[in-house]
Amino acid sequence: MKIRIIGGGPAGLYFAALMKRDDPAHDIVIYERGPRDATWGFGVVFSDRALDFLRADDEAMVRLLLPHMETWPNLTIVHNDTRIPITGNGFAAIDRLKLLSLLYAHVEKLGARIEFDSAIESLADRERLGGADLIVGANGAFSFVRQENEQRFGATCDWRPNKFIWYGTSRVFDSLCLTFRETGQGVFCAHHYRYSPTMSTFLVEVEEETWKRADFEHMSPEDTIRHCEKIFAKDLGGHPILSNNSYWRNFPAIWNQRWSFGNVVLVGDALRTAHFSIGSGTRLAMEDAIALCKALRETGSVPDGLARFQQLRLPPMRKIWDAANVSLRWYERMGERIKLAPMEFAYDYMTRTGRVNHAEVRRRDPALAEAYEKLHPDANAA
Ligand SMILES: Cc1cc2nc3c(=O)[nH]c(=O)nc-3n(C[C@H](O)[C@H](O)[C@H](O)COP(=O)(O)OP(=O)(O)OC[C@H]3O[C@@H](n4cnc5c(N)ncnc54)[C@H](O)[C@@H]3O)c2cc1C
């Protein structure tokens, strides 16, 4: 099969690798507009559950990634000055650039070609896309493949009001931390975790009103960093906040009713975005690749494969997407939630999406469940 993939992020690269693994005769080219060594952001996180899903389909991939991952068994919620460690929540993180470079090498070893510095501007690009049996739009949240065909895909994009900025820091944390600091301007939240022995991701998120009160709109990038360093001084322990093309953004919650038309299909963030608070964007992108490859293999035809892809993948993906959207709304009410006492706040956070009930809290962290039951004796009945 002649397959042309637009976008060399986790979704496009992993799909190429899986297809080549299935059949080395496939002719696959990935067009990536960026250079080989460029990426945005710092590290990305996978929950233990996400790695288990990946392991079930591709043990070799997990073996490839694991030596480069930082892992830890717990989550820490910081409510102003109170730290609440929560057991039973394992995570692993990897440098996004490392993840991509491992995938580049893996894909090229399997015989697919990656053309860097090679932006595709239109599906009508005959020279590069002409004659393809399958065209994969794996070009991220702002995919032109989707934007140019919104009607066909039934695409929607819901811009959420919170603002976030993706920083790093040289401070290495000993668990995944969610730190909430109440200030006169509102609540500042940092999602932070180490992703290498020397670096951590430090993502700052605020409600829109907090962002306005802090006047970030008129602040220089340097002053923005200084302001965030001041707010999180206790957490950074004297380490600097580091920028990598970092700027304030709003999160676009993207969805598509139909995932393909003709021989064109969407995968990864182009297909749907999941808020970073559930740490699943990369995992979902890789699972899309697994599902699409499987659907094509099982049906042996592009039209049937694309129909099967949506049929197979929709139910599990929808569950996570719904949870991500509930989670992002929780962050949009941080200012209210932080009024809770620290332990109740942590419990509220853990159960925010409805996917973790009291029994599950007890299984993960009996001490937290017990503390909650003391205040809410009827919790067991819920
Ligand atoms: C702030 C933030 C934090 C995140 N944290 C996490 C996390 O902790 N864990 C996690 O799992 N996920 C996280 N994610 C999400 C994760 O980064 C994405 O879900 C994931 O990268 C999606 O993979 P993708 O391949 O679909 O898209 P992308 O990684 O966006 O890759 C798309 C690629 O397409 C290329 N491209 C775009 N247009 C064109 C074009 N016209 N021609 C050629 N190439 C093109 C781009 O250069 C890019 O390389 C986070 C995202 C954000 C914004």
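The values are calculated or read from the model by the stated rules, or taken from the named source; none is laboratory data. Keep in mind it's a predicted model, so treat the numbers as computed, not measured. Backbone-built Cβ (ideal geometry, glycine too); neighbour counts: all protein chains shown.
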Go over the candidates ARG160, ARG171, ARG152 one by one and state the one that is at pLDDT 95 or above, among the basic types (Lys, Arg) and closer than 18 Å to ASP269 by Cβ. ARG160
Of the residues ALA56, ALA50, ALA112, which single one is under 18 Å from MET286 (Cα atoms) and at pLDDT 95 or above? ALA112
With a cut-off of at least 2 residues that are in contact with a strand residue (DSSP E or B) (Cβ under 7 Å, 6 or more places away or on another chain) and buried (at least 16 other Cβ atoms within 10 Å of the Cβ), name the strands (runs of 3 or more DSSP E) lying wholly within region 1-120. 2-6, 27-31, 43-47, 70-72, 75-79, 82-86, 91-95
Of everything in region 20-53, what is under 24 Å from SER122 (Cα atoms) and either among the hydrophobic types (A, V, I, L, M, F, W, C) or near the ligand (Cβ under 9 Å from one of its atoms) (or both)? Give them in sequence order. ILE28, VAL29, ILE30, TYR31, GLU32, ARG33, GLY34, ALA38, THR39, TRP40
Of (1) charged (D, E, K, R); (2) closer than 25 Å to MET286 by Cα; (3) modelled with pLDDT under 95, ARG364 satisfies all except one. Which? (2)
Only residues in region 38-60 that are touching a residue at least 60 places away in the same chain (Cβ under 8 Å) count as the first member; pair them with residues that are of a type in the set (Phe, Trp, Tyr), Cβ under 6 angstrom, at least 6 apart or cross-chain, and list the lot. GLY41/TRP166; GLY43/TYR195; VAL45/PHE91; VAL45/TYR193; SER47/PHE91
What single numbered condition from (1) more than 11 Å from the ligand (Cβ to nearest atom); (2) more than 30 Å from PHE188 (Cβ to Cβ); (3) not aliphatic (A, V, I, L, M) fails to hold for GLY7? (1)
Is it the case that region 191-202 has a residue that's within 23 Å of the chain's Cα centre (by Cα), more than 20 Å from THR273 (Cα to Cα) and charged (D, E, K, R)? yes
Select from region 129-147 the residues that are assigned to a helix (DSSP H, G or I) and surrounded by 15 or more Cβ atoms within 10 Å (Cβ to Cβ) and write down the one among them that is nearest to the ligand (Cβ to nearest atom). PHE144
